[in-house]
Amino acid sequence: MAQIRKADGIVDWLDQRLAVHKLLDVLMNKYWIPKKINFLWAMGVILTTLFAVLFVTGLLLVMYYKPDTALAFDSVNKTIMQEVEYGWLWRHMHGVAASVIFLILYIHMLTGIYYGSYKRGREMIWISGMLLFVVFSAEAFSGYMLPWGQMSYWAAQVITNLFGGIPLIGDALVVWIRGDYAVSDPTLTRFFMLHVCLLPIVILAIIALHFYSLRIPHVNNEIAEELDFDLEAEKYMAGDTKGAKVIPFWPGFLSKDFMYICLFMIFFFYLVSFKFSFAMDPINFDPAATLKTPAHIYPEWYFLWSYEVLRGFFFDVGSIKAFDIGLAAFGVAQVIFFLLPWLDRNDVVKPAHERPLFFIWFWVLLVDLIVLTVYGKLPPTGINAWVGFYASVAFLLLLTVILPVITIMEKRGVKK
């Protein structure tokens, strides 16, 4: 048993029983971050902040929400928005945070691709990050259904139908997910449970895994320099703070992050107060009508690129139906980024601007994702359908064929 002495104060009392100082050293004071980083490295902390906003506002909203098809719409649009004091604020904050968190996720993800932060020992950082993206997507979709508006209902109808394309078990799986033969009250109850209970627990677990996976290979930097973190940490602790290439997570790194968080929250509350409508589809302010299909069904903006890949293949190829081709392409689009550490065949870790072929590939991919997002919201008719088709094919080729080819060429060029 540890030697317990009279405590000097509450912190010392806790330290003797919980090793608070050791925990703070592991998590903050002696967790080392490279100096050569820019504001893009603050996206992780901003994501954590947004998740906290979603969690707190979600708790406030769930006090008044009714997970019942007869009551859900009014509980959101009447009770919360009109009767509960500041209910409109909590809903706006929750809706805007749910949308903006994907903007930050995409920036965080593209930053990792640009600087090669998925290679050479950092594969688990990337995989855990992509797991977070997938689970956040499921969390966002389950939450989108809860207001039980027109787009909530029909989006749920379309998305759950996708599982029907799985061979052998598809039809049974759709019924199991819905809890009924059609999207109805059991479906709403199940998605409510997923949104407020199961998925947040999974997200917290993956966030812990993501942070833990950073401990061994450490954080990458903007010049992709491989550092001896133990040696640089010794320099810092010996007093050579200028010569050391690292700083402690606290106070060195996190104090700068606080500044970025404050700047971001100004932007966030501007959206909440004046531009909240971008996160709330006007069609969803009409109650769900099972016999009235909207003229054009589409998901939220952060799903549009993958939705366009799904519907981009609008014609049959021989005996293979267009739906099956689109579903297969959609499935590939959901998992392809997980394989990025192995699709990039060049072992050298460098930022994209020091890899000419990869630099071109990166910006072509980004433009293609923007095109898919824009056309994903347009009706798939005429020229729109063909643009979506070619953009979908380009996306699949960029990741499955072109990336391995150009990185093999880079690798051979380096060896020469």
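Checking Leu54, Leu59 one by one, the residue that is of a type outside the set (D, E, K, R), in contact with a His (Cβ under 8 Å, 6 or more places away or on another chain) and farther than 30 Å from Trp363 by Cβ is Leu54 and no other.
Please determine whether any residue of the stretch 142-150 is closer than 24 Å to Arg178 by Cα, in contact with a Lys or Arg (Cβ under 8 Å, 6 or more places away or on another chain), at pLDDT below 95 and open to solvent by less than 40 Å² (accessible area, probe 1.4 Å). Yes, that holds for at least one residue.
When the residues of the stretch 160-179 are filtered to those that are under 18 Å from Ile325 (Cβ atoms) and in a helix (DSSP H, G or I), the one that is least open to solvent (accessible area, probe 1.4 Å) is Gly170.
Among residues that are at pLDDT below 95 and surrounded by 16 or more Cβ atoms within 10 Å (Cβ to Cβ), Val349 is included. Contact map, the stretch 104-130: first residue within 11 Å of Leu40 (Cβ to Cβ), second residue part of a helix (DSSP H, G or I) and hydroxyl-bearing (Ser, Thr, Tyr), Cβ cut-off under 8 Å, separation 6 or more or different chains; pairs are Ser117/Thr111. Summed over the stretch 259-282, residues that are surrounded by fewer than 16 Cβ atoms within 10 Å (Cβ to Cβ) and closer than 27 Å to Gln150 by Cα total 6.
The values are calculated or read from the model by the stated rules, or taken from the named source; none is laboratory data. Quick caveat: nothing in here was measured; it's all calculated off a predicted structure. Glycine also receives a Cβ, built like all others from the backbone with ideal geometry; neighbour counts cover every protein chain displayed. The protein model used for the area step is the full one, side chains on, heavy atoms only, and it has no ligands, DNA or RNA in it. Shrake-Rupley method; radii C 1.70, N 1.55, O 1.52, S 1.80 Å.
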